[in-house]
1. Fully extended, how many nm does the chain gain between Tyr144 and Phe203 (0.36 nm per residue separation, minus their Cα-Cα distance)?
2. Only residues of the stretch 77-110 count here: report those whose backbone N is under 11 Å from the spot 7 Å along Cα→Cβ of Asp34, or say none.
3. Skipping prolines and chain starts, which residues have an amide H placed within reach, meaning under 5 Å, of the one on Leu195, given they are 5 or more residues away or on another chain?
4. Can you return the lysines within cross-link range of Lys50? Criterion is Cα-Cα under 23 Å, with same-chain partners fewer than 8 residues away left out.
5. Could you pull out every one of the lysines with an alpha carbon less than 22 Å from that of Lys192, ignoring same-chain neighbours closer than 8 positions?
6. Looking at the stretch 152-260, what % of the alpha carbon pairs are farther apart than 17 Å?
7. Taking other Cβ within 10 Å of each residue's Cβ, how do His193, His182 sort, fewest first?
8. Which whole-Hz couplings ³J(HN,Hα) result when phi for each residue of the stretch 127-142 is put into the Karplus expression 6.51 cos²θ - 1.76 cosθ + 1.60, θ = phi - 60°, listed in order with x for Gly and Pro?
Amino acid sequence: MHNCFIIITLFFSIIFSLPFPDIAFADYPDGYYDVGVIIDGDTFTLSDGKSLRLIGIDAPESGEACSIEATQKLTSLIVGETVYLEKDISETDQYNRLLRYVYVNGIFVNDRLVYNGYAYAVEYPPDIAYASQLADAEKDAIDYSRGCLWATFYPNDDGNSNWIVASCFIATAAYGSPIDPHVKILRKFRDKHLLTNKLGRSFVNIYYSYSPELANLISQYETLKAFTRLFLLPIIGFSWVILKLGLATTIILIAFFSGGLIHILWLRKT
C-alpha cells in the first residue's frame, strides 16, 4: 500500500512538472444566448455587447445593393430571440468577433440567409464544417433566382421601381466568386454610378438581358475565363478610380493625361 502511494505520488509529480501548453477555455461555449443588436446581414451582437459574425457566409456590406434587405432578413429571424450558437474551429476573427453557426426555432440561420438569396456562401478555412451544405444552398438560390442577390428586377426610367441587385454574372463567372474583390468593385460601381441615372439604368437593363447566358458559357472554359479577366481589367481599374476619386476628378485626370499624350505624339512628329 505504501509502495502504491509512492508510485502514484511520483507519477503525478512527473505529470505536473511537464511543460503543458496554455489551454484557453472559450468564454462562449456552445449554448443559448440572447441577441442584442443587428449590425448587418451577417453580424450582430449578443445581449452582453459581444459582436458575432456568422460563419461561412458573406452578406453585402453597408451601402451596397441588397445590404438593407439582408439586414432586415437577419433581423426578422433573430432579433429579440434566444439563439443557439455552435463553434467550428476558430473562436474569433481578426476583429475579435465571435465566429459561430447560429440556430433559432429550429432554423439554421447561416443556411437560411444563403438559401433565400440574402448572403453568399463563402469558405473561410479552417471553419468549413458546413461549407458543402451552404454551397448547395447558394446554388439552389441561383437556380431559382431567390432573394435580392439573385433575382433580377428591371428599373423603370424614373428609377422608382426596384433596382437590379443581382450579381455581376460575367465578372463572377470569370473570377469564380461573387465576393472576389474585382467583382465587388464592379458591383459597387454599378450601384453608386449606373443605377443612379437613366442612361446607366438603361445600360444595366441591357447587360442583364444578355449576361446570364454569356456567363454560363464563360464558366465552362478556363481560356474564356482568362480572356474575360483580361478584358475586364481596364474596366475594373476605371471603376476603382471613379469610386475612389469621383467621376468629375477622374474625367479631369483622363483629359489631362490624354492631352499630354497627344502633345507628346505631336512633338515627336514635328
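1. 18.8 nm
2. Of the residues in the stretch 77-110, 80-82 have backbone N under 11 Å from the label point off Asp34.
3. none
4. Counting by Cα, and skipping residues close in sequence, Lys50 has these lysines nearby: Lys73, Lys87.
5. Of all the lysines, those that pass the test against Lys192 - Cα under 22 Å, at least 8 places apart if same chain - are Lys184, Lys244.
6. Details: 3434 of 5886 pairs.
Within the stretch 152-260, distances greater than 17 Å cover 58 percent of Cα pairs.
7. Working: His193 15, His182 21.
Ranking His193, His182 by Cβ neighbours within 10 Å, fewest first, gives His193, His182.
8. Taking θ as phi minus 60°, the curve returns 8, 10, 4, 10, 4, 5, 5, 5, 5, 5, 5, 5, 4, 5, 5, 5 Hz for the stretch 127-142.
All of the numbers you see were taken from the coordinates with simple rules; none came from a lab. Computed from a prediction, not measured in an experiment: that's the story for all the values here. Cβ sites come from the backbone with ideal geometry, for glycine too, and all protein chains shown count toward neighbours.
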